[in-house]
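The values are calculated or read from the model by the stated rules, or taken from the named source; none is laboratory data. Quick caveat: nothing in here was measured; it's all calculated off a predicted structure. Ideal geometry is used to build each Cβ from the backbone, glycine not excepted, and the neighbour counts take in all protein chains shown. Accessible surface is based on the protein model in full, side chains and every heavy atom, while ligands, DNA and RNA are left aside. Shrake-Rupley method; radii C 1.70, N 1.55, O 1.52, S 1.80 Å.
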Amino acid sequence: MDLRHTADEIAFRDELRAFFRREIPAEIRRKVSEGRALARQDYVTSQKILHAAGLATPNWPVAWGGKDWSPVQRYIYVEELQAAAVPQPLGFNVNMVGPVIATFGSEAQKARFLPATASLDIWWAQGFSEPGAGSDLASLKTSARREGDAFVVNGQKTWTTLGQYADWIFCLVRTDPAAKKQQGISFLLIDMATPGITVRPIITIDGGHEVNEVFFDEVRVPAENLVGELNNGWDYAKFLLSNERIGIARIGMTKERLARVKRLAQETPAGEGTVWDDPDFRRRLAWSEIELKALEITQMRVVAAQRTKAADRPDPSSSILKIKGSEIQQQATQLLMEVAGPYALPRPDRDEEGLNLPSVGPDWADAAAPLFFNYRKVSIYGGSNEIQRNIIAKAFLGL
């Protein structure tokens, strides 16, 4: 199997590479490269630039702004986006609710939501996980009872990423408590400004506000906001989760991060030389690069296979990409923190006003520890690595 790109694919790659570095503001890309938190406006600015160029929603139907790209072109797009440290178009919009509405929504829902979803004029949050219903999502208890022309929603969602920015939330809700748990669930679109919704922050181990709890207390949702058929939400959720895994290995991002680790290690003093002079550090960095190259070849084999078969369900090979991708991402953040050393500690001159202490350490270093701790999550989200190993055991080993 020839995994090399064709001349046309190389030209396509070079065009994207130049666009991302030319059009996306350097300050936004610097934040992404250093692993710093992005402001809401950073996401909006970047996605609007991509949207104006037709590059925000390439995975959507062509009628709604998608691209008729080959699997290889889609792969190149994601890799170059990540390698250029461009914020990926908001996944809740582009990879989750947008494709669901485009595939299962009414014509009125498509016209109302898809253009604003693509341009990020509507910011969506994902209302799936609940206390007691994470990996076993079908055990969710948030309820929606029908009253006239509305559903009345009660319950709680948790780990709602960037929910503090959201204009709308798409939710799985239980509409038939008597049915088997997967068969009594519906898919609702809910305006976050509706009375009865409370968003409460969850502060994570890195000190950041990335995730939230969302509470629903007698929240009235117009019945027209039901996507597809009543009690068929579990099928739409499975469709959505298959799209969530797009680019989850983050090969382009990890390439950029390991290259940055190598450069910083050569610049950072340690003893009488630099961090780069430590042979054990170089050995571990080289091993991460070797694993990343093997993962890249594996992903390219998966992409090449898509040329000859239509994927009507998630490829179990994506579980391998998820496991190894998350492990290498975590390795990269650990190596970066080792380069930063004691300078990875929080700096009061950056975090507290009124202090006139001299700056200690390089500007990039204080983001290393928060990034390391935050990336403990990547082996959990998108389907925990334990669950992915079960999928591999069943799909490939027949266990």
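All conditions in (1) among the polar types (S, T, N, Q); (2) open to solvent by 20 Å² or more (accessible area, probe 1.4 Å); (3) touching a residue at least 12 places away in the same chain (Cβ under 8 Å) hold for Thr274, with the sole exception of (3). Summed over the range 1-43, the residues that are modelled with pLDDT of 95 or more, β-branched (Val, Ile, Thr) and over 30 Å from Phe372 (Cβ atoms) give a count of 1. So which of Thr204, Thr158 ends up being in contact with a Ser or Thr (Cβ under 9 Å, 6 or more places away or on another chain) and closer than 30 Å to Asp366 by Cβ? Answer to the check: Thr158. Just to be sure, is Trp159 open to solvent by 20 Å² or more (accessible area, probe 1.4 Å), among the hydrophobic types (A, V, I, L, M, F, W, C) and within 19 Å of the chain's Cα centre (by Cα)? Yes. Residues in the range 307-326 that are modelled with pLDDT of 70 or more and either surrounded by fewer than 16 Cβ atoms within 10 Å (Cβ to Cβ) or not assigned by TED's automatic domain parsing to the domain that holds Ala286 (or both): Pro316 only. Of all the listed residues (Gln41, Gln126, Gln88), the sole one being under 22 Å from the mean Cα position of the chain (by Cα), crowded, with 19+ Cβ neighbours inside 10 Å, polar (S, T, N, Q) and not in a loop (DSSP other than H, G, I, E, B) is Gln126. Condition check for Ser139 on (1) modelled with pLDDT of 95 or more; (2) polar (S, T, N, Q); (3) farther than 28 Å from Gln47 by Cβ: one failure, at (1). Which numbered condition trips up Glu229, out of (1) acidic (Asp, Glu); (2) touching a residue at least 60 places away in the same chain (Cβ under 8 Å); (3) open to solvent by 60 Å² or more (accessible area, probe 1.4 Å)? So Glu229 meets the others, but not (2). Report whether or not Phe396 is among the aromatic types (Phe, Trp, Tyr), at pLDDT 80 or above and under 27 Å from Gln82 (Cα atoms). Here the answer is no, as Phe396 does not meet what is asked.
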